[in-house]
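Below is one structure; the comments refer to it alone.
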Ligand SMILES: Nc1ncnc2c1ncn2[C@@H]1O[C@H](COP(=O)(O)OP(=O)(O)O)[C@@H](O)[C@H]1O
Ligand SMILES: Nc1ncnc2c1ncn2[C@@H]1O[C@H](COP(=O)(O)OP(=O)(O)O)[C@@H](O)[C@H]1O
Ligand SMILES: [Mg+2]
Ligand SMILES: [Mg+2]
Ligand SMILES: [Mg+2]
Ligand SMILES: [Mg+2]
């Protein structure tokens, strides 16, 4: 597979919606330990809206427009911290690929990086703060490296999912410095960050989307 | 024993205070089943005040005055339904024996009847309504009968405690028609009335007071 | 039991000290316990006094102030205050125009207030008692202690307080209070019981999927226990119990200033009918979030519209609670011009305030 | 979970419908959700808008009305509302004098309101955001998301609402709001957690003999867990945390209307000192009986007298809750003539009403 096509993107969003729905209670449980017990509901609410738009997305060939619409949908339906962050990610991702109908690996990497930068600007978190950035930023780095390795999408996505999983788990021993969990100080240690987990799940859906 | 003396009355009030304190939780539990879970606290509060007056009572030879003081003490410290009722009982009891320093059985029976009538007037309950009247009224009747039997105080008091115990237990299958329990209608069946129980305990203390 | 208290014996006293510190416009007497307007000495009007067990917050202390109560006597938690308390309180508040006791119909409250009225009238202080018995959960008055006094109390205190402020005589205040009572109906339900500090545990046990219909305000069990159901269904049960309640007749005791004794009179509340204009209270019993009360209001409003019952005024919130009980009660008081005028009159108390 | 609700998805919508039925003086928009003064079209003033997760009752809908908020945007329970909601709400309320968003300092609220401000400023509607970050339970701002916004919010909404009513410009309103924030400090504690309808169970488990000190208003665990203790001790911990709190400095973002972008500024709250005059809020977190709040007030008042802190105004009750959480928070806002004047100004909202 040399390019990421329209159908892959639709599949990605579909699988992500399903995975987040399935993991609603799990994400909420993680958020209840060091947050306010709503991350699962928030993600489900947002991605249900996305799921309802899949038909509309199917009819639109402009991937940039789809990603931007996806971002706006999340922004206007999630609220909380994750709404503007994931919303910004997909919005910025879309801005990087306006009018494209398929994506090269280069396109994907550039757009992903732009998305992550948007999240960083909005939320001002750094790696190690125990947030979704702990997953997203290393993945962006890994993606950049992959460009020189001339790998297939399959290999690249499989790599980043592994990296994401590791990063997600690496949030467990951290002291949170951003988001609600930061209020707990040292009491946040020993719990996995909810947003890092949803980021991992979204990336896992991406990998699965191109496998089918 | 031919007359009830000052020391017996003091002993009665003392034992009643102790018994009611010991049975605080029990009375409250009974009241919680079909009332508002305070009868034990109410009785303890009132009789603690009485207990504090025992020294003052010891110095006063006028039994009528002691009983009236006792009634006023209960009225001003209990509140609820039991305050005015027990208060009225002892107040009216005292009115019947003004200036007496010892009581014949006749004195006692007359005063007791006057007390019970006061409770009836105040609370307008009849036997069978599942209240303290279920204990007090039959005891008043039994006392009147005893006058013709020429019995000792010991025998009479032992009789009325037996009668009181039976009456107390007889409240279990009744539907309450007065007091808070009446709101429950048929749901009040199967529970012993709290006020009937405290009346029994007070009478039991009377019997014990002359035994010692 | 988890409560913000120190020693259980001091709870009421310390909370009253808190009121005293917070509200210099009130005077707090601790022995015996009563709460009275600090400006009561300068009043020239009938004195309106209420009282009852503590725990029904903000009753009654929270309703003492201009345009409402002149004084309040708090008892122990859920226990009527005592006659000596009411006697001292009334003497402190009285300024020559008589005393009206507003008494919720519970055996304890009725008897204690009757004793107080006897004592005051014997001292030459003209005193009258008016009962509130508005809880339609209690069906008959022949085989029970009669309907309990619940939500109508708050509305009566406001209206009669305003009338006294406007110069109504004792007789006129008593007549108005009696009218408000005959126009008032309430019904409540509980999701949980409540914890009296001295008891330290809930008054009754109730399953996660059961609710009590027809509770009063003392954490006592209600008329019946049913499976937990939707807000709409619960609201519908309560609203219909009120709107469909028929004529209610009972004997009440009224002090006869002529004979100097109580006389029994028969007293009737007519049923509500289409076109009636209501003051409505949607009342939280303590731990029910305000948002849920709005959920209840929504359905109740819908039913009233269907039945052509007009809601002219409303208050929504925790106005007469059972400590920390979770649940709701609905009260409707039919209005007329007199009632409405005094409802709208200015009031300034810790818990109810408008127009000033 | 036992609540007076129908379907979990409809809770907020139906409760807003209840508000609409109860308060014709408010206009309720359901898609997107906002609550706005019905007379907003006729206003000629800066528009004051607040918003945040639902469940902090009576915030914010209960504070919409004359002399306080022009509009409020409720999010899902404990979840910030969304930018499109705020955008539509502000556009509906705006009448040419600018929009001031009062934003509690939570990551979600801050980001969503920032996006909304960006959108509105881009449309030519002059918009400014002011943060409330008054919770002294959060010590530093370097290693956390900064102090949370809690009780000072209510007091700021009242004061800035009155200033806007009095004709203050957007800049002046923002400056006053910023001052109130720098003068405000809060601290809370919980005896129990609370139940979010969608979750159906408590956010955290806590033993019968433990309490959480330093909680916010979202049912999240606090700074530390200690054995349950007396009202006096708890009050003492909270009051001292507030009075002994030192200088607090943090970076905040302010919209620069010149450059059309955010600028970071350093912002400092001076510590309280002897002689300061305070508006005090003793706030119940949902299920705490009013009487217990008076118990807290008693001890807090005593400590303040000892330290020569003067309580000039106070409100005691459930003004910013965490649904049905049992607990209390104390808020103190230092006053000056300007603040006091606007605090005393008339207000008429469902939840706060005086002077009219
Ligand atoms: N400043 C931030 N930057 C990046 N991610 C953040 C930031 N703050 C919070 N998050 C992420 O958001 C997640 C929480 O999302 P969610 O529970 O939906 O929102 P809220 O905290 O408003 O309830 C956290 O687990 C964390 O990963
Ligand atoms: N009308 C009445 N006449 C006689 N006794 C009554 C009457 N009403 C209630 N009681 C008695 O009072 C008892 C309850 O007393 P208590 O719990 O102290 O008062 P309250 O019901 O006010 O909480 C009942 O168990 C009953 O025996
Ligand atoms: Mg969350
Ligand atoms: Mg009782
Ligand atoms: Mg009682
Ligand atoms: Mg949230």
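Brief remarks follow.
- Scanning the stretch D:161-209 for residues that are more than 11 Å from chain C (Cβ to nearest Cβ), assigned to a strand (DSSP E or B) and surrounded by 20 or more Cβ atoms within 10 Å (Cβ to Cβ) turns up D:184, D:185, D:186, D:187, D:188.
- There is at least one residue in the stretch C:212-229 that is within 13 Å of chain D (Cβ to nearest Cβ), surrounded by fewer than 22 Cβ atoms within 10 Å (Cβ to Cβ), modelled with pLDDT of 90 or more and assigned to a loop (DSSP other than H, G, I, E, B).
- Residue match in the stretch B:174-194 (condition: more than 14 Å from chain C (Cβ to nearest Cβ) and within 16 Å of ligand 2 (Cβ to nearest atom)): yes
- Scope the stretch C:323-356; condition closer than 18 Å to residue C:282 by Cα, at the interface with chain D (Cβ under 10 Å from one of its Cβ atoms) and part of a loop (DSSP other than H, G, I, E, B); matching residues: C:323, C:324, C:326, C:351, C:352
- Test: residue in the stretch A:32-48 that is within 22 Å of residue D:79 (Cα to Cα), within 16 Å of ligand 3 (Cβ to nearest atom), away from chain D (no Cβ under 14 Å) and within 17 Å of the chain's Cα centre (by Cα): yes
- Residue D:88 satisfies every condition listed in (1) in contact with a helix residue (DSSP H, G or I) (Cβ under 8 Å, 6 or more places away or on another chain); (2) over 21 Å from residue D:349 (Cα atoms); (3) more than 16 Å from ligand 1 (Cβ to nearest atom) except (1).
- When residues of the stretch C:38-50 are limited to those that are within 19 Å of residue C:155 (Cα to Cα) and over 16 Å from the mean Cα position of the chain (by Cα), the one nearest to the other protein chains (Cβ to nearest Cβ): C:47
- Options B:83, B:71, B:64: the member that is assigned to a helix (DSSP H, G or I) and either over 14 Å from the mean Cα position of the chain (by Cα) or within 16 Å of ligand 3 (Cβ to nearest atom) (or both): B:64
- Subset of the stretch B:113-129 (residues that are away from every other protein chain (no Cβ under 14 Å) and surrounded by fewer than 22 Cβ atoms within 10 Å (Cβ to Cβ)): B:113, B:114, B:117, B:127
- All positions within the stretch C:1-44 that are in a helix (DSSP H, G or I) and more than 20 Å from residue C:323 (Cα to Cα): C:20, C:21, C:22, C:40, C:41, C:42
- Residue within the stretch A:193-209 that is touching a helix residue (DSSP H, G or I) at 6+ places or on another chain (Cβ under 7 Å) and modelled with pLDDT under 95 present: no
- Qualifying residue in the stretch B:48-66 (condition: buried (at least 19 other Cβ atoms within 10 Å of the Cβ) and within 16 Å of ligand 4 (Cβ to nearest atom)): no
- Evaluation of residue C:24 against (1) within 26 Å of residue B:37 (Cα to Cα); (2) within 14 Å of chain D (Cβ to nearest Cβ) (one fails), failing number: (1)
- Criterion (within 16 Å of ligand 5 (Cβ to nearest atom) and more than 11 Å from every other protein chain (Cβ to nearest Cβ)) met by exactly one of B:132, B:70: B:132
- Counted residues, the stretch C:267-322 - those being assigned to a helix (DSSP H, G or I), within 11 Å of another protein chain (Cβ to nearest Cβ) and more than 22 Å from residue C:217 (Cα to Cα): 6
- Selected residue (only one of C:145, C:166 is touching a helix residue (DSSP H, G or I) at 6+ places or on another chain (Cβ under 8 Å), free of Cβ contacts under 8 Å to residues at least 60 places away in the same chain and at negative phi): C:145
- Of residues in the stretch B:1-31 being surrounded by 20 or more Cβ atoms within 10 Å (Cβ to Cβ) and at the interface with chain C (Cβ under 10 Å from one of its Cβ atoms), the one nearest to ligand 2 (Cβ to nearest atom): B:31
The values are calculated or read from the model by the stated rules, or taken from the named source; none is laboratory data. Only a predicted model underlies this, so the values are computations on that prediction, with no experimental measurement involved. Heads up, the Cβs are rebuilt from the backbone with ideal geometry, glycines too, and the neighbour counts pull from every protein chain shown.
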